[in-house]
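Everything on this sheet refers to the single structure shown next.
The values are calculated or read from the model by the stated rules, or taken from the named source; none is laboratory data. Note that the coordinates shown come from a computational prediction; the quantities given were computed from them, not determined experimentally. All Cβ positions, even for glycine, are placed from backbone atoms using ideal geometry, and neighbour counts span all protein chains on display.
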Amino acid sequence: MRRTPTSGAASMACPRRSQARPSNSGCSPLAWPRADPSPATAPSTALSSPEPTDMSTDLPTDTQAVRQHYEAHITDVEALLQAIDKALDAQGAPATAQSLAALDQFHAGGLPMTEELARRAAPQPGDQVLDAGSGLGGPSRYLAAQWQAQVTGVDLSAAYVAVAQRLADRTGLASRVRYIEASITALPFPDAHFDLVWTQHVVMNVADRAALYREFRRVLKPGGRLAFFDPAAADGQPELHLPVPWASTAGSSHLLTLVQTREALAGAGFADLGIDDMTETVGTMLARQLTAGAPPAGPHLSMILGPAMAVTVRNFARNLQEGRVRLLMGVAEAR
């Protein structure tokens with residue numbers, strides 16, 4: 001039975017404080033909870049999973065290139081967290097899915113596309129969810145807060161993992177979300193571990209999509225679901241205007257067409273439950289954002305992408321407008 005998300009995510013966030021209140025709280029705007037490297041950081045046994053191995057070596061060359069692309073976004077974790085809190089204070093808002101969305105929903109369409117994908121995937125309370133390529137953790141925290149899922153986020157970037165975990169602490173969701181540094185192509189989890197694998201704007205960085213989908217199938221329980229929202233190649237696979245948000249060079253961008261995506265899913269053991277083209281919807285949203293000028297108040301992606309954001313987003317919009325890139329949203333079931 002499908003269910004709708006619960007309301008009240010804001011009630012789980014730490015309250016904003018006046019300067020007159022004591023500063024020893026973990027919710028202090030300038031005193032972010034410190035990440036504890038011990039296993040005790042996962043307070044719920046429902047989140048327990050094997051820890052990843054050291055990723056400093058033995059990564060394929062293309063995987064290292066992808067990690068370097070994203071690691072370049074965050075050079076100082078503490079400085080970024082301070083900037084986020086300063087922006088929240090200026091906005092007069094607590095740290096919630098809504099107030100952080102312009103920063104941590106790092107994909108086309110932002111929070112509305114996360115909400116739409118969640119509606120289609122319909123996770124149940126307590127479901128074990130893998131957010132594959134979790135980035136700053138916006139979607140995983142949304143799933144934990146609004147759908148009561150137990151979420152494990154996996155990302156190549158140690159800096160992204162650190163920021164995501166601290167934001168989970170900051171929003172009061174650390175008991176339902178945790179983040180680990182690992183490659184989505186070699187997941188450190190046993191077979192049939194998750195009810196849902198979730199991925200948004202990640203798989204286009206992986207050259208062997210068939211192998212990736214097989215890895216997703218491996219960690220899914222029979223009948224589990226893969227929910228995805230990804231850029232795809234147009235028929236004929238025209239060249240892209242580069243750089244784009246996910247790649248600076250053509251060698252790091254691996255788009256499949258809709259037909260190729262369906263073939264890769266079927267070959268990995270998935271039944272297609274429906275794939276829709278969201279290009280027009282998201283293209284309209286993106287065009288509005290580009291004409292709006294300055295970013296909205298509060299935390300925003302420009303905090304990590306800097307001046308390069310304008311170029312990559314314009315190129316992305318141009319690729320959409322010229323039909324070089326499509327945006328596909330779908331759900332597939334593990335057979």
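In table form, for the structure just shown:
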| quantity | calculated |
| --- | --- |
| Selection within region 282-311 - among the hydroxyl-bearing types (Ser, Thr, Tyr) and either more than 20 Å from the chain's Cα centre (by Cα) or buried (at least 18 other Cβ atoms within 10 Å of the Cβ) (or both) | THR284, THR291 |
| Filter pass, ARG318 being part of a helix (DSSP H, G or I) and out of contact with any Pro (no Cβ under 6 Å at 6 or more places or on another chain) | yes |
| Out of GLY224, GLY153, sole residue that is within 27 Å of GLU263 (Cα to Cα) and over 15 Å from the mean Cα position of the chain (by Cα) | GLY224 |
| Counted residues, region 234-254 - those being among the aliphatic types (A, V, I, L, M) and buried (at least 17 other Cβ atoms within 10 Å of the Cβ) | 4 |
| In region 211-235, residue modelled with the lowest pLDDT [restricted to those that are over 25 Å from GLN68 (Cβ atoms) and out of contact with any strand residue (DSSP E or B) (no Cβ under 7 Å at 6 or more places or on another chain)] | ASP235 |
| Region 314-325 residues that are within 14 Å of GLY236 (Cβ to Cβ), paired with ones that are at pLDDT 95 or above and hydroxyl-bearing (Ser, Thr, Tyr) (beta carbon under 9 Å, 6 or more apart) | GLY323/THR279; VAL325/THR279 |
| Qualifying residue in region 91-98 (condition: part of a helix (DSSP H, G or I), within 11 Å of the chain's Cα centre (by Cα), surrounded by fewer than 23 Cβ atoms within 10 Å (Cβ to Cβ) and modelled with pLDDT under 95) | no |
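Conditions (1) among the aliphatic types (A, V, I, L, M); (2) closer than 22 Å to ARG225 by Cα; (3) in contact with a helix residue (DSSP H, G or I) (Cβ under 6 Å, 6 or more places away or on another chain); (4) surrounded by fewer than 24 Cβ atoms within 10 Å (Cβ to Cβ), marked per residue:
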{"residue": "ASP89", "(1), (2), (3), (4)": "no, no, no, yes"}
{"residue": "LEU100", "(1), (2), (3), (4)": "yes, no, no, no"}
{"residue": "PRO112", "(1), (2), (3), (4)": "no, yes, no, yes"}
{"residue": "ALA122", "(1), (2), (3), (4)": "yes, yes, no, yes"}
{"residue": "ASP127", "(1), (2), (3), (4)": "no, yes, no, yes"}
{"residue": "GLN148", "(1), (2), (3), (4)": "no, yes, no, yes"}
{"residue": "LEU156", "(1), (2), (3), (4)": "yes, no, yes, no"}
